[in-house]
Amino acid sequence: MIPERILIIQTAFIGDAILATALLEALHRQFPEARLDIAVRAGNESLFQGHPYLGQVLIWNKKKHKFRNLLALIRTVRAEEYDLVVNLQRFFSTGLLTFLSGARQTVGFRKNPFSITFTQRVPHRIGDGTHEVERNLALIAHLTDSQQTKPRLYPSEADFSEAEASAPYICMAPTSVWATKQWPADRWVALIDTVPQTHTIYLLGAPSDRDACAAIIEASSRSGVINRAGELSLLASAAFMRGAKMNYVNDSAPLHLASAVNAPVTAIFCSTVPAFGFGPLSDTSIIWQTPEDLDCRPCGLHGYRSCPRGHFRCADIPIPPAPWPDPVGPL
């Protein structure tokens, strides 16, 4: 059966939602006449504004009245009468949503508590070097071709206009929700001070990151560093990163923004490792991490608020390579 109405479920964080866009690309290529919808957590819907392949974006507000809103989403999904629901998550709530969707076909990972009710179940392995995009695409491998597919976002002309800047420039996204994923502020200051004055530096982030970025600028001796944290939408940030000579990021959402617009990126990994499957996918991608073999790294999949052992040696990383004129290979 050729599905005419398809729903993708990915209600996790920003980076996860970005990586889910690879399925939109693959499904549209295979079923160009099908209607594609996506369900995301509240706050992530702006990523899909103006997306050429999407019919609608369903939103689940998890922060307030979480389960009441989940029930409302279930009712909405059932009313849409989807032919196919693809659940990219392994947790109870989205498993329940998939189970109660009423879809003719339901696909998800075996680790999901409701997977026994799915019509198609796929193993989920993490830590073996398989990228998250590959894991997700495995869910629809029985429906699509084997063509390599990357995540993609579609910033508008207005987004590119909002992100306009005089080249050459460098972008840095120095913050992360998790402290052990975040390269320390003094290391960002040291990196800033290596950039020649021929390049303007822009610090990017959410509104909540503005003070942290301001403190980094204050600690630097270099002029020409501009704080744009909280000033740009997610799509405008992606457009801005697309025009940069290089983007320096942690293992966090800006890394995936870069991948989704094929922006050059240097990804700095502290407590986490690329083998988890969340590394950069841009044509120009550099992975930068400690050369020390630490028995405590990685200490967790998502990071911690502080180093469990108190030393944070995984963040003791040399200054990444400078892209003038050309980037060099990974450490």
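The values are calculated or read from the model by the stated rules, or taken from the named source; none is laboratory data. Please read all numbers here as calculations on a predicted model, not as lab measurements. Glycine also receives a Cβ, built like all others from the backbone with ideal geometry; neighbour counts cover every protein chain displayed. Side chains are part of the model used for accessible areas, which takes the heavy atoms of the whole protein and leaves out ligands, DNA and RNA. Shrake-Rupley method; radii C 1.70, N 1.55, O 1.52, S 1.80 Å.
Quick notes on this one:
- One Cα centroid belongs to the stretch 137-154, the other to the stretch 53-78; the line between them spans 25 Å.
- The overall shape of the stretch 1-42 is prolate: from the C-alpha gyration tensor, with semi-axes ordered a ≥ b ≥ c, the ratio a/c is 1.5 or greater and a/b exceeds b/c.
- Compared with the dominant principal axis of the Cα atoms in the chain, helix 21-30 is inclined by about 50°.
- Sequence ranges 135-144, 249-258, 264-273, 85-94, ranked by mean other-Cβ count within 10 angstrom, highest first: 249-258, 264-273, 85-94, 135-144
- For the stretch 211-251, the share of accessible area belonging to carbon and sulfur comes to 48 percent (1.4 Å probe, ligands and nucleic acids excluded).
- Cβ-based charge dipole, the chain, positive-most Cα from Ile170, Phe67, Gln56: Phe67
- Note that the stretch 256-272 has calculated 3J(HN,Hα) couplings of 6, 4, 4, 4, 6, 10, 6, 8, x, 8, 10, 9, 9, 9, 9, 7, 9 Hz, one per residue in order, obtained from phi through the Karplus relation 6.51 cos²θ - 1.76 cosθ + 1.60 (θ = phi - 60°); glycine and proline are x.
- Phi-based couplings in Hz for the stretch 228-237 (Karplus 6.51, -1.76, 1.60; Gly and Pro marked x): 10, 4, x, 9, 10, 5, 4, 5, 5, 4
- Overall form of the stretch 173-331 per C-alpha gyration tensor (a/c, 1.5; a/b vs b/c): rounded
- When peptides 290-296, 182-188, 242-248, 36-42 are ranked by their average number of other Cβ atoms within 10 Å per residue, the highest-first order is 242-248, 36-42, 182-188, 290-296.
- In terms of its C-alpha gyration tensor, the stretch 38-127 comes out rounded, because the ratio a/c of the largest to the smallest axis stays below 1.5.
- Vicinal HN-Hα couplings computed from phi for the stretch 103-109 (Karplus, 6.51 cos²θ - 1.76 cosθ + 1.60; Hz; Gly/Pro x): 5, 5, 10, 10, 10, x, 7
- Here the stretch 247-310 and the stretch 204-240 have alpha carbon centers that stand 19 Å from each other.
- Remark: spin-label model distance Arg313-Ala42 equals 4.5 nm, labels positioned 7 Å along the Cα→Cβ axis.
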